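Right, one structure below, let's go through it.
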Amino acid sequence: MFGLIRLVIFVLLAFTVGMFYERQQAAERCGDLGGRMAAGLCVGVGS
């Protein structure tokens, strides 16, 4: 039983770390293009 609980905790932890990693990558790409992040969206980059 503890193994199942541990599995769920590890999966949730990995998901959370992945989300933070992806957000950081998106913010860096936005900054490289000359924009800024606002509410999770890249603002100020012309198309």
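Where a number appears in this text, it was derived from the coordinates with a stated rule and is not lab data. What you see is a predicted model, and the numbers here were worked out from it, not measured in a lab. Methodologically, a virtual Cβ is constructed for each residue, glycine included, from the backbone with ideal geometry; neighbour enumeration extends over all protein chains shown.
Could you tell me, in Å, what Rg and Dmax come out for the Cα atoms of the chain?
16.3, 53
FRET efficiency for residue 42 and residue 11, Cβ-Cβ distance as r, R0 = 35 Å, nearest 0.05?
Values: r = 29 Å, r/R0 = 0.83.
It comes out at approximately 0.75.
With axes computed from alpha carbons, what is the tilt in degrees of helix 2-32 against the longest principal axis of the chain, rounded to the nearest 10 within 0 to 90?
Between the helix axis and the principal axis of the chain, the angle is about 10 degrees.
What is the packing order of peptides 34-40, 24-30, taking the mean over residues of other C-beta atoms within 10 Å and listing the highest first?
Numbers: 34-40: 10.9, 24-30: 12.9.
Those peptides, ordered most packed to least, come out 24-30, 34-40.
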